[in-house]
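Taking it in order: structure first as structure tokens, then the write-up.
Every number in this text was worked out from the coordinates using simple rules, so none of it is lab data. If you're wondering where the values come from, they're calculated on a predicted model, not measured in any experiment. Every residue, glycine as well, gets a Cβ built from its backbone with ideal geometry; the counts of neighbours run over all protein chains shown.
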Amino acid sequence: MSTTRGLEGIVATQSSVSSIIESVLTYQGYDIDDLADNASFEEVIYLLWNGALPKENELSHFTQELANHAEIPKQIIDQMKAYPINKVHPMAALRTAISSLALFDEEADVMDEAANRRKAIKIQAQIPTIVTAFSRIREGLEPVAPRKDLGFAANFLYMLTGNEPDEIAVNAFNKALVLHADHELNASTFTARVCVATLSDVYSGITAAIGALKGPLHGGANEAVMNMLSEIGSVENVEPYIRKALDNKEKIMGFGHRVYKDGDPRAKHLREMSKRLTEITGETKWYEMSKKINEMVTSEKGLLPNVDFYSASVYHSLGIKHDLFTPIFAVSRASGWLAHILEQYSNNRLIRPRAEYIGPNKQTYIPIEQR
Ligand code: ACO
């Protein structure tokens, strides 16, 4: 038996949700560049779940369905109020709250396709409400209820601040959601598929996926990038900071990728958005610092930025708290997780690989008093 560390290059399933072929990312065959420039996030969710872009009436019905399910049970809000809020990371709060949502859904363990699709709608609609409610609760504010007349991106920003966002913010946030929606068999999606392949329920799959996304080698990298930028503080400090980190063989967050070796196609969109938004806020230093880090890491290590690198300065420019960056990733990626979960159920087989044993052999049990 031979092993491939980290399952690199292993093709573990077939999927029609998204593909990465020669560094081109597509959702159901649509190039991410095309979708990022043109599609609403609601259209992308529909596409991922149904395999086709919606017609106008289908989109309005789907958008309404999401809006109709965006409220979360009062018990979840009360529960979040009881969390030790000053010590809890919002990703941990989200993981726990999503798991709790299952307790208030009578269909949580109903396994037919129609019920699973209804759960997908509820989860997708309620994740933003949970993330924004928790953010407000820990600031001593009351959660803002979702509005049915606002689109998905606008509603998130509205629930976060209580104010209706401007068009520039909505468009930027929508684009970020589109870019993060799905990414083939990434770690959190694989986790979701492994979980539901046991015929466990949708909520369990999403809870497991959130746990996997939380780590800094995956979704947690966007917050880590912003922490690094804040620590560096100025363009002049970039060179000594990055030099020291590279000399110490530290990983620079937001660089490198298991699959893309010629660059992450999502990064250029986020780089453009970072430039534009930091010009609007007048805080161009975040973009300038990012650009300089990018130049150094690419020229010295040959590593290119991934989706997380420029998304940090994008979210910061939208006025979003740094520890909400990864929960926002979850808000978007839930659409991909749910598409993969539905696909897994539709053609399921238990996912159970093997391990190459490297432990001791032929041990003999020794009674405890003789050890
Ligand atoms: N900074 C410095 N060196 C790096 C980086 C980095 N960001 N990424 C990889 N390397 C180096 C490694 O140190 C290693 O060098 P070595 O061969 O001399 O030991 C080599 O490149 C290969 O790196 P691995 O970690 O083995 O590559 P792997 O494919 O396992 O990891 C990963 C990919 C996890 C993304 C890695 O590049 C990394 O840790 N990046 C930083 C965290 C990050 O940005 N994660 C987000 C990824 S995108 C996403 O999940 C949304």
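Taking packing as the residue-averaged number of other Cβ atoms within 10 angstrom, the listed peptides 88-101, 130-143 run from highest to lowest as 88-101, 130-143. The reciprocal of the average 1/r between distinct C-alpha atoms defines the Kirkwood hydrodynamic radius, which for region 159-244 equals 16.0 Å. Taken over the Cα atoms of region 220-313, the convex hull encloses 86 Å³ per residue. For the chain, the 222 nm mean residue ellipticity estimated from helices alone, with every DSSP H stretch of n ≥ 4 adding -39500 (n - 2.57) and the total spread over all residues, rounds to -18500 deg cm²/dmol. The simple spin-label model puts a point 7 Å past each Cα toward its Cβ; for GLU71 and ASP109 those points are separated by 2.8 nm. For the listed peptides 343-350, 27-34, a ranking on the average number of other beta carbons within 10 Å per residue, highest first, reads 27-34, 343-350. Structure note, pairs LYS55/LYS214; LYS175/LYS249; LYS81/LYS214; LYS122/LYS291: Cα-Cα distances above 28 angstrom occur for LYS55/LYS214; LYS175/LYS249; LYS122/LYS291.
Within a Cβ distance under 15 Å of ASN57, other residues only, what is the Lys/Arg minus Asp/Glu net charge? Display every interim value, and only then the final one.
Numbers: positive: LYS55; negative: GLU42, GLU43, GLU56, GLU58, GLU65.
Combined, the nearby Lys, Arg, Asp and Glu give -4.
Looking at the chain, do any whole DSSP H helices span at least 30 angstrom along their long axis by alpha carbon and average 0.0 or above on Kyte-Doolittle, and which? Passing helices, by number: 325-346. Summarising the amide proton neighbourhood of PHE255: residues at separation of 5 or more, or on other chains, whose placed amide H is nearer than 5 Å comprise ASN306.
The relative contact order of the chain, computed from alpha carbon pairs under 8 Å that lie at least 6 residues apart in sequence, is 22 percent.
Entry note, region 263-360: relative contact order of 29 percent, from Cα contacts under 8 Å with a spacing of 6+ residues. When you restrict to C-alpha pairs under 8 Å that are six or more residues apart and normalise by the size of region 194-337, the relative contact order lands at 33 percent. Going by a ≥ b ≥ c, the root eigenvalues of the Cα gyration tensor, does the chain fall in the rounded group (a/c under 1.5), the prolate group (a/b larger than b/c) or the oblate group? Rounded, since a/c falls under 1.5. Along the axis of the charge dipole computed for the chain (Cβ charges of +1 for Lys and Arg, -1 for Asp and Glu, origin at the Cα centre), the listed residues TYR27, LEU94, SER346 are led at the positive end by LEU94.
Across the cross-link table entries LYS87/LYS148; LYS285/LYS321; LYS301/LYS321; LYS148/LYS275, which are compared at the Cα atoms, the separations over 27 Å belong to LYS87/LYS148; LYS301/LYS321; LYS148/LYS275.
Among 115-128, 322-335, sorting by the average number of other beta carbon atoms lying within 10 angstrom of each residue, highest first, gives 322-335, 115-128.
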